[in-house]
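The values are calculated or read from the model by the stated rules, or taken from the named source; none is laboratory data. These numbers were taken from a predicted model, which means no experiment stands behind them. When we count neighbours, we look across all protein chains shown, and the Cβ atoms used for this are built from the backbone with ideal geometry, even at glycine.
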Ligand SMILES: NC(=O)c1ccc[n+]([C@@H]2O[C@H](COP(=O)([O-])OP(=O)(O)OC[C@H]3O[C@@H](n4cnc5c(N)ncnc54)[C@H](OP(=O)(O)O)[C@@H]3O)[C@@H](O)[C@H]2O)c1
């Protein structure tokens with residue numbers, strides 16, 4: 001069976017002509033208690049831009065096969081994929097197997113565009129519909145693995161077994177226990193000779209659902225609502241279409257992303273994807289939930305995986321994976337950005353400090369009414385809480401500007417190490433509570449204490465804040481952290497982490513695309529998403 005033998009709904013598409021750049025359809029899985037509810041979900045799926053709907057019969061509370069299937073298939077305004085998933089394959093249905101297969105045969109007879117049959121029963125199913133299956137009805141033969149993603153060889157064998165049943169469309173859904181598992185799923189799609197759906201489920205498989213467009217999958221699933229999923233890790237239809245600009249993903253689309261763990265909170269995908277779109281840059285930017293940076297970089301070594309931002313806790317590990325590193329990143333010992341050069345090598349940068357220090361200087365000048373060329377940080381006592389990637393960036397930045405740097409950190413040894421590199425002093429978090437050798441000090445929090453969802457936490461008690469004239473917080477979700485709110489109440493000038501984020505976003509955008517950053521759009525997008 002070849003791609004050409006299947007009248008894909010998508011064959012009408014003018015790929016690359018400004019409409020869609022990939023043939024992958026978006027299917028909305030519908031789970032409803034009743035037929036009426038399911039039909040109302042079909043309308044919602046159509047309004048949201050889905051190409052087809054998966055009718056999950058196993059979720060219906062009561063089901064009269066002939067009457068309900070006729071109603072659903074005939075009244076659906078989108079092509080239907082009928083699935084009746086049994087418990088033994090991860091679905092809800094626990095009833096009689098013959099009744100289940102009878103319902104699937106009926107769906108074939110009634111002309112559902114697609115019918116999903118599990119590999120275990122596929123041979124039996126095809127024998128029973130021999131000569132009775134309308135040509136226009138396509139059977140998807142599926143296999144689900146809820147534990148892991150098997151080896152490439154095992155996946156290859158699985159595809160062959162599915163094809164051997166006579167499947168029109170192959171479906172493989174595995175579970176990603178590491179982001180590198182997605183690479184094997186992409187391999188299946190890239191090498192497949194038949195229309196194929198290949199997905200790695202769960203958080204670590206999220207990218208398989210988005211990049212399915214790049215690798216030419218038959219379809220990907222997009223939910224009507226966040227959290228209402230038929231399988232773990234599904235994106236919403238809205239995110240597929242609006243955030244990831246799914247229709248414009250092509251086989252030549254360059255892949256970027258933010259490498260971190262956790263990564264769900266990151267606003268970077270909103271920011272870069274809308275910025276890429278605004279300048280017609282053929283790139284995508286993904287949240288990359290990475291456990292081991294070295295494994296990620298060595299696995300995704302294709303020339304299309306070109307640029308990454310780094311966030312907590314991988315900035316130091318990222319540096320070790322670079323072929324070359326800029327001198328500031330080398331001094332700091334951490335990178336915030338990595339790009340692939342044309343020869344395939346990886347270049348690391350640290351642009352964290354640029355944005356934060358510029359924002360602090362600007363706020364100090366405004367507060368002090370000064371406008372000279374000298375940095376207003378020069379000579380000031382600059383207290384940095386945290387000694388991770390952002391802490392190092394701020395401490396080096398302050399040192400470069402002539403500030404007297406103090407470093408406070410939970411792990412005191414790290415504070416001592418960093419302080420010694422920037423000619424400063426280390427202090428414990430407990431000592432910091434009563435530390436006020438002078439008035440008008442500058443404070444920079446670079447820990448994640450107070451970040452969403454733990455917004456009630458703060459790295460320094462309010463009573464200690466009155467000795468500072470300016471307080472910066474690297475956290476940008478939420479924008480106004482408890483630390484900044486209390487600092488403001490004590491009379492200090494707050495400087496938001498969003499400023500650091502925005503300034504480094506400008507620099508990273510330029511490194512990724514080679515084009516000037518659409519600054520106002522980036523500011524507006526961030527304002528909308530924090
Ligand atoms: N605005 C921006 O553009 C921007 C840029 C970069 C980072 N950030 C933010 O800055 C924060 C740190 O990022 P990073 O990349 O520097 O992370 P990192 O390298 O992992 O460092 C984390 C730092 O936070 C400290 N820490 C973590 N949990 C703590 C706790 N419960 N109590 C006290 N200290 C704690 C760690 O102390 P130990 O050494 O004791 O573990 C370490 O000093 C994050 O919130 C991140 O979102 C913002």
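With the requirement that a residue be more than 16 Å from the ligand (Cβ to nearest atom) and under 17 Å from residue 178 (Cβ atoms), what does region 282-318 give you? First the steps, then the outcome.
From region 282-318, those more than 16 Å from the ligand (Cβ to nearest atom) are 282-284, 286, 294-307; that's our starting set.
286, 294, 295, 296, 297, 298, 299, 300, 301, 305, listed by residue number.
Of the residues making up region 118-141, those that are surrounded by 14 or more Cβ atoms within 10 Å (Cβ to Cβ), in contact (Cβ under 8 Å) with a residue 40 or more places away in the chain and outside any helix (DSSP H, G or I) are 138, 140. The condition of being within 16 Å of the chain's Cα centre (by Cα), crowded, with 22+ Cβ neighbours inside 10 Å and in the same structural domain as residue 138 (by TED's automatic domain parsing) holds for only one of 204, 184, that being 204. With respect to the stated conditions, residue 403 fails to be in contact with a strand residue (DSSP E or B) (Cβ under 9 Å, 6 or more places away or on another chain), within 13 Å of the ligand (Cβ to nearest atom), within 18 Å of residue 380 (Cα to Cα) and free of Cβ contacts under 8 Å to residues at least 40 places away in the same chain.
Residues considered: 356, 387, 395. Of these, the only one that is within 15 Å of the ligand (Cβ to nearest atom), assigned to a loop (DSSP other than H, G, I, E, B), touching a strand residue (DSSP E or B) at 6+ places or on another chain (Cβ under 8 Å) and not assigned by TED's automatic domain parsing to the domain that holds residue 293 is 387. Comparison of 81, 41 shows that the only residue that is assigned to a strand (DSSP E or B) and under 18 Å from residue 230 (Cβ atoms) is 81. Figure legend. Inter-residue proximity from region 441-463: first residues on the phi > 0 side of the Ramachandran plot and in the same structural domain as residue 408 (by TED's automatic domain parsing), second residues outside any loop (DSSP other than H, G, I, E, B) and within 12 Å of the ligand (Cβ to nearest atom), beta-carbon distance below 6 Å, spacing 6+ or different chains. Indicated pairs: 450/483.
For region 207-220, residues that are within 18 Å of the chain's Cα centre (by Cα) and either touching a residue at least 40 places away in the same chain (Cβ under 8 Å) or surrounded by fewer than 24 Cβ atoms within 10 Å (Cβ to Cβ) (or both) total 8.
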